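Participant: Take this structure, written in structure tokens, and hold onto it; I'll ask about it next.
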Amino acid sequence: MISLLLVDDHLLFREGLQSIISRWDDAEIVGEASNGVEAVHLARELLPDIVLMDISMPVLNGVEATRRITRELPSTRVVILTSSEEEKYLFEAIKGGACGYVLKKVPGRKLHDLLRGVMRGESPIAGVMATKILHEFNRSWETQSPGPVAANIEPLTERERQVLQLVAQGLSNKLIGVELDLSENTIKKYLHNIMEKLHLNNRVEAAMYAVREGLVNKK
């Protein structure tokens, strides 16, 4: 059972989301908060698997709350669930430790799939937001010289490069498997090998690496 902490200052939205999640048989809301301070307190107390975090809230905003929760509770995953498509919030949330950024207009069934993916180690990011991230990382690395780690990494196989490219395009493990005609478990093994070889910690860093190495088309 996936335990969820719902953080949003709009009661009506929380009630609506709770109604949707109550129909899922593998997840439950264990707590609700209306601002960032309450979110941090409840996260410490409840130790939820996932925190669904809004951005714009009183007392303490979602970005700072995300930063505090991920720093203190590394096993708790924070997914930003917001109506904001502003790039400044997106980048700050990702840098603050959020493992995903989902827009509130997502259908309930899709949100369910995304949260199950989070528990498998995936990082859900809305398509338009993923594109913004890749563009930003691309601009950043164009002004940087390759770091010393690049000379020490183990080369990827052709199949690993294909998997990495699809990760950078925002595909889930399941969709990557469909694309390459491989099982989801096989994709997980490839991702594990990729992370080990490249000394990376998560899918966002993998996407960043793919952009730097030119595995994703520059736009």
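The values are calculated or read from the model by the stated rules, or taken from the named source; none is laboratory data. Predicted model, so just to flag it, every value in this text is computed and none were measured. A quick note on method: Cβ atoms are made from the backbone with ideal geometry, for glycine too, and the neighbour counts reach across all protein chains shown.
Participant: Enumerate the pairs (first residue in the stretch 169-188 and assigned to a helix (DSSP H, G or I); second residue anywhere and among the basic types (Lys, Arg)) with beta-carbon separation below 9 Å, excluding pairs fewer than 6 apart on the same chain, so at least 6 apart or on different chains.
Facilitator: The qualifying pairs are 173/120; 173/188; 180/159; 184/120; 184/174; 187/174; 188/120.
Participant: Still on this structure: Condition first: hydroxyl-bearing (Ser, Thr, Tyr), modelled with pLDDT of 80 or more and surrounded by 13 or more Cβ atoms within 10 Å (Cβ to Cβ). Now tell me which residues in the stretch 158-195 satisfy that. It would help to see each step written out before you state the result.
Facilitator: Within the stretch 158-195, the subset hydroxyl-bearing (Ser, Thr, Tyr) is 172, 183, 186, 190.
Okay, now just the ones that are also modelled with pLDDT of 80 or more, so 183, 186, 190.
Answer for the stretch 158-195, where residues must be hydroxyl-bearing (Ser, Thr, Tyr), modelled with pLDDT of 80 or more and surrounded by 13 or more Cβ atoms within 10 Å (Cβ to Cβ): 186, 190.
Participant: Let me ask another. Out of all the residues in the stretch 80-92, is one or more under 23 Å from residue 174 (Cα atoms), modelled with pLDDT of 95 or more and either assigned to a helix (DSSP H, G or I) or not assigned by TED's automatic domain parsing to the domain that holds residue 174 (or both)? Can you show your working first?
Facilitator: Initially, the stretch 80-92 is screened for residues under 23 Å from residue 174 (Cα atoms), giving 80-81.
Narrowing the set further to residues that are modelled with pLDDT of 95 or more leaves none.
There is no residue in the stretch 80-92 that is under 23 Å from residue 174 (Cα atoms), modelled with pLDDT of 95 or more and either assigned to a helix (DSSP H, G or I) or not assigned by TED's automatic domain parsing to the domain that holds residue 174 (or both).
Participant: Going by the structure shown, is residue 60 modelled with pLDDT of 95 or more, surrounded by fewer than 20 Cβ atoms within 10 Å (Cβ to Cβ) and in contact with a Gly (Cβ under 8 Å, 6 or more places away or on another chain)? Give the derivation first.
Facilitator: Numbers: modelled with pLDDT of 95 or more: no; surrounded by fewer than 20 Cβ atoms within 10 Å (Cβ to Cβ): yes; in contact with a Gly (Cβ under 8 Å, 6 or more places away or on another chain): yes.
When the stated conditions are applied, residue 60 does not pass them.
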